[in-house]
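The structure under discussion appears below in the form of C-alpha cells.
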Amino acid sequence: MNDGAGGAPGGDADGEVAREILRGCVCSRTRMLDRVLSRLFDDSLAPLGVRTGQLTVLALLGAMEGLRAADVARYLEMDKSTVSRGLALMRARGWIEESAGPTRGSRRLDVTAEGRTLLHRTLPLWRSALEGARETIGEETVEALRGAADSYLRLRARH
C-alpha cells in the first residue's frame, strides 16, 4: 500500500514490477548463462587442473606476446586485483613467467613450455565442453553470445 510518503505500492503492482525486471534483465540472464557455461567448461577441464578463466588468460597470453597484467585486465574486462591473483597462481603452477618488458619497470607475461603443453592438452576437453554448451543452450544461443561479444569488442575498439 502506498502511503504517499515514498512507501512502496502493494498488491499485484509489485508482482508486475518484479516480473518485468525478471523478464527484461539482460544482466541477470547473462549471469545465469555465465554460471551454467562456466560450470560446464570447468567440469570438462577439471582433469587437467585448470579452470575456464585460467585457460582464457593462458590463451590470450599465447596469442598475444608481451602482454602486461594491465593489458590482460583491459582485454578481458577483469578487475586488476582479480587478474593479479590469477596470474600469481598461474606462475606458481609454472604455466606463465614474467620478464622485463620493453620499458623500464614494465613486466611482460609469457607462456612457459609447460603452459604451452597445457594449452594443447586442453583443446580436446575445451572442444568437448563447447559441444556440451551447444547441447545445453543450443547452437543458435552459442552463436548469439559469440556475436554479442564480438559486437561489443568492435564497439569498444572504436572508443
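The values are calculated or read from the model by the stated rules, or taken from the named source; none is laboratory data. What you are looking at is a predicted structure, and each value in this text was computed from that prediction instead of being measured. So basically every Cβ, Gly included, is an ideal-geometry build from the backbone, and we count neighbours across all protein chains shown.
Things worth noting here:
- Screening 147, 66, 115 for residues that are in contact with a strand residue (DSSP E or B) (Cβ under 8 Å, 6 or more places away or on another chain), at pLDDT 95 or above and not hydrophobic (A, V, I, L, M, F, W, C) leaves exactly one candidate, 115.
Residues are listed down the side, and each one gets a yes or a no for (1) modelled with pLDDT under 90; (2) within 33 Å of the chain's Cα centre (by Cα); (3) hydroxyl-bearing (Ser, Thr, Tyr); (4) surrounded by 12 or more Cβ atoms within 10 Å (Cβ to Cβ):
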position	(1), (2), (3), (4)
2	yes, no, no, no
12	yes, no, no, no
16	no, yes, no, no
19	no, yes, no, no
26	no, yes, no, no
35	no, yes, no, no
45	no, yes, no, yes
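- Any chance residue 50 is surrounded by 14 or more Cβ atoms within 10 Å (Cβ to Cβ), part of a helix (DSSP H, G or I) and either in contact (Cβ under 8 Å) with a residue 24 or more places away in the chain or in contact with a Pro (Cβ under 9 Å, 6 or more places away or on another chain) (or both): no
- When residues of segment 89-129 are limited to those that are surrounded by fewer than 15 Cβ atoms within 10 Å (Cβ to Cβ) and of a type in the set (A, V, I, L, M), the one nearest to residue 59 (Cα to Cα): 123
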